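A quick write-up on the structure given underneath.
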Amino acid sequence: MVDVAFNQKFYFFMKYFHSILIALTLVLVGSAQTWAQKGKITGRVKDAITGQAIPFANVIIPGTTQGTTTNDLGVYTLEQLDRGYYNITVSFLGYKSKTFFEIQVSDARVALLDVELETDSRSLQAVEVQASAFSRTDESPLSLRNIGVAEIQRNPGGNRDISKAIQSLPGVSSGVSFRNDIIIRGGAPNENRFYLDGVEVPVINHFATQGSSGGPVGIINVDMIREVDFYSGAFPANRGNALSSVFEFKQKDARSDKAAFRSIVGASDIGLIAEGPLGPKTTYVLSARRSYLQFLFSAIGLPFLPTFNGFQAKVKHKIDNQNELYFIGLGAIDQFQLNTNLNLSYDPLLNPKIKTLADTELVDQQRYILGYLPVTTQWNYTNGLVYKHYAKTGVMTFVLSRNMLNNVQYKHLGNNEDSVRLQDYVSQESDNRFRFEHQLRSSSGYKISYGLSLERSRYFVRNESKELVADTSNAGNPPQLVSRSFESLLRFNRWGIFGQVSRSYFGELLVTSAGIRLDGCDWAMSTTNMLEQFSPRLSLSYNFAPHWTINANTGMYYQLPSYTLLGFRNKDGELLNQRNGLRYMNNSHWVAGLEYFGGKTFKATLESFYKVYSNVPILQDRGISLANLGADFGIIGNEPALSLGNGKTYGLELMLQQKLNKGFYGIMALTWVRSLFDNRSPINSNLATALTPSAWDNRYLLTLTGGKIFAKNWEIGVRFRYVGAPPFTPFDSASLNKVIWDQFGRSTLDFNRLNSQRSGATMQLDLRVDRKWDFKGWALNLYFDIQNALNQQTLGPPFLVAARDRGTGALLTDPNQPDRYLASELPNTAGQLLPTVGIIVDF
């Protein structure tokens, strides 16, 4: 519904806004003189385990005669480089060579590239191992993708958002077009975990859905990211509490020679980045962003006014060659207000905008949105301190961090603050975390890692709300409107231990890795015993022919339910889900794949996966699996639940990827996936349904992404995406009951017909054009992006609303059922051609 009201007006406003922006930019460029000064790439090469510098390592640009070697300190510099993107290969005898793709060079910004090389078991044979073009590890030989910053920044239709760029990879689905929900291999959005430079970050989106992981706009500033490792399976043992995916965001290091700045004007926000030295051994990089959508939305008459602010920081201190310390920070302040000054009259004399039937339907949509959306204020932060000590046999990492989320939502009847308050919700989640990891390499060729984690968590909630729940006295009765009022404060501890051993055989033709993890929590007796969360994993990789590898992994993973479930109390103040014996959610993965490397820049993979779920929370009042929820605004899980749910997801993934080579790059990702979960009767929780399609059962996913870099710094990118028709649950006509509608303000779903129908499939073509200029001491990047260039409309289930008199605006009574309002339907279409312009200035 938000998308329906948003698209048309936003399109016309942005069209004129961007025309002005383009004109100003062209004037600026036309009045400046381009500059031909050269750029450079510099960095340090060291051993990945010991941290020791590697002198005399080769650093070359493949396909050219340009290259250099590191000095005694492992430092190198490639100079006199024209502006553009470069692939860099680093190699040294006895080490696995590495290739880094699309390192951007310009006069205004020195490109920093520090490299860690791993030793190779074939070193005794005096061979130099060929560079691998794609990221893979012994622990995760499959289901691991690496995304470079250039791939994220120029992703067509992605608005420079990391979550959008990830949708180009196999096995990744998404929800509605205006949200960043990440759905991996048929799992719910709450099954993902995120790390920023090794620090766990629970919230990565503005206006985050509490109890899940999605939201409309990403918090992480892509300009501060070096690369992203995305695990859709084969999770390493040092990463716990995830069922579907793990994301490792790795930030760039700041410049150490002088201060530098970058300013960005994007489709929805403006931002500034500052970086530079704080001393001979200390650097900093800071970022701040603020949206301007609230002004645009108010000007074009949308019913909601979002404002978001994002902050990010990294300060790194190099104590010496064996010790380093860095601080990271990430935070957001978000406000979601209602535009109650809208003219909601249907009378053309009172509302000059009423000219057609479509204008009248728009008023219906605005009334409906204003009728149920709450006012929201939310802020969150994550701060982390990481210390690394490199020794002769390994590296020790100590991570100390704190994160907090504050979420406030309220809703008044008729949006009149003097009337009845229908919702009053205040919640806080915070964690103090400590993690220790030790990675070492034995003389016999074993790669060993082990460690532990400790967490102290706090959860507070004060909730007063109206909720629709099933009538447990009779399955045929309509849902009942009940009041929920409780306050809850929890403090609990979590802990975990882990270890993993990897080794290669037969000259690295066969690579094996085995790991275990055990977790516990003192929230309840059902979560305390670590042995009940025993999490083994095993990976195998066999290079059976030149360029060909077969890989396999199996593992068992656990995840603690959301704090909203842990902290729910009934009217007597009892922790109801603790009494219900809520447990860790669990799934088991079986993954196998075939991998082909063609040359140095092409890769093809075929993977199959099968995941089996147990102990999935069943929401008791609605009888549905939590696996169906998470891709909407609000709060997920603030209700009673039972650990009775089961499910499975399975499928096939095909990926063809061409890294940047001779100006071309591209990726094709094709996925067939099924996602099935059982549900329970709200009348009798012992009555389980058969496995039925979940909300993420899209079946078919196809993404084609590619581009070409031309001379004179022009670049064109294209992305086509097809997402199969998702299941949906029809609306319940009983929610038009006058008592219910007057207080609830929106139609509710009929969970007796859960996911019984399917909406339309989604097809979208996105285009992007970039042009870059170098000037003396500064650089400019202008990009033009078109989302949904073919203007494809996706038809969703119509919204069921109470009909209104088009003259007075009064709600109409159903003549056949006087206790209900007359039913009406509002169209639910998503997708609109949306052009945007962005400007990036480096100085």
>> For the range 625-634, which positions are open to solvent by 30 Å² or more (accessible area, probe 1.4 Å) and either within 18 Å of A524 (Cα to Cα) or in contact with a Ser or Thr (Cβ under 7 Å, 6 or more places away or on another chain) (or both)?
In response: D632, F633
> With G645, G637 as the choices, which residue is modelled with pLDDT of 90 or more and open to solvent by less than 20 Å² (accessible area, probe 1.4 Å)?
Replying inline: G645
> Considering the range 509-525 alone, what residues qualify as being open to solvent by less than 20 Å² (accessible area, probe 1.4 Å) and of a type in the set (G, A, S)?
Replying inline: S513, G515, G520, A524
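So that you can scan it fast, the table gives a plain yes or no per residue for (1) at pLDDT 95 or above; (2) part of a strand (DSSP E or B); (3) aromatic (F, W, Y):
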site	(1), (2), (3)
L481	no, yes, no
R484	no, yes, no
L490	yes, yes, no
W495	yes, yes, yes
Q500	yes, yes, no
P536	yes, yes, no
I550	yes, yes, no
K571	no, no, no
> Out of the range 778-815, which residues are closer than 24 Å to R160 by Cβ and outside any loop (DSSP other than H, G, I, E, B)?
Replying inline: W778, A779, L780, N781, L782, Y783, F784, D785, I786, Q787, T794
> What number of residues in the range 263-311 are small (G, A, S) and assigned to a strand (DSSP E or B)?
Replying inline: 9
> Could you list, in sequence order, the residues of the range 195-206 that are buried (at least 24 other Cβ atoms within 10 Å of the Cβ), of a type in the set (A, V, I, L, M, F, W, C) and in contact with a Phe, Trp or Tyr (Cβ under 6 Å, 6 or more places away or on another chain)?
Replying inline: L196, I204
> What are the residues in the range 814-832 that are polar (S, T, N, Q) and closer than 20 Å to T794 by Cα, if any?
Replying inline: N828, T829, Q832
> Given the structure, is L405 part of a strand (DSSP E or B), out of contact with any helix residue (DSSP H, G or I) (no Cβ under 8 Å at 6 or more places or on another chain), among the hydrophobic types (A, V, I, L, M, F, W, C) and farther than 24 Å from D732 by Cα?
Replying inline: yes
> (1) modelled with pLDDT under 90; (2) of a type in the set (V, I, T); (3) within 30 Å of P536 (Cα to Cα): which one isn't true of I300, the others all being true?
Replying inline: (3)
>> Restricting to the range 755-777, name every residue that is part of a loop (DSSP other than H, G, I, E, B) and open to solvent by less than 30 Å² (accessible area, probe 1.4 Å).
In response: N755, S759, G760
>> Tell me the residue from K392, K388, K355 that is out of contact with any His (no Cβ under 9 Å at 6 or more places or on another chain), over 30 Å from G809 (Cβ atoms) and not in a strand (DSSP E or B), please.
In response: K392
> With respect to the numbered conditions (1) farther than 28 Å from S488 by Cβ; (2) open to solvent by 30 Å² or more (accessible area, probe 1.4 Å); (3) out of contact with any helix residue (DSSP H, G or I) (no Cβ under 9 Å at 6 or more places or on another chain); (4) not in a strand (DSSP E or B), which one is the sole condition not fulfilled by L362?
Replying inline: (3)
> What tally of residues in the range 778-795 results from selecting those that are buried (at least 20 other Cβ atoms within 10 Å of the Cβ) and under 27 Å from E825 (Cα atoms)?
Replying inline: 2
> Within the range 408-451, can you find the residues that are under 19 Å from F398 (Cα atoms) and either surrounded by fewer than 17 Cβ atoms within 10 Å (Cβ to Cβ) or of a type outside the set (D, E, K, R) (or both)?
Replying inline: N432, F434, F436, H438, Q439, L440, I448, S449, Y450, G451
> Of the residues S244, S232, S212, S291, which is closer than 30 Å to T340 by Cα, within 14 Å of the chain's Cα centre (by Cα) and touching a residue at least 60 places away in the same chain (Cβ under 8 Å)?
Replying inline: S212
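For every residue, the table says whether it meets (1) under 30 Å from Y557 (Cβ atoms); (2) in a loop (DSSP other than H, G, I, E, B).
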residue: N646; (1), (2): yes, no
residue: T649; (1), (2): yes, no
residue: L656; (1), (2): yes, no
residue: M668; (1), (2): yes, no
residue: A690; (1), (2): yes, yes
residue: Q743; (1), (2): no, no
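The values are calculated or read from the model by the stated rules, or taken from the named source; none is laboratory data. Here the structure is a predicted model, which means the values were calculated and not measured. Counting neighbours? That spans all protein chains shown, and the Cβs are built from the backbone with ideal geometry, glycine included. Remember, those area values only see protein heavy atoms, side chains included, never the ligands or the DNA or RNA. Shrake-Rupley method; radii C 1.70, N 1.55, O 1.52, S 1.80 Å.
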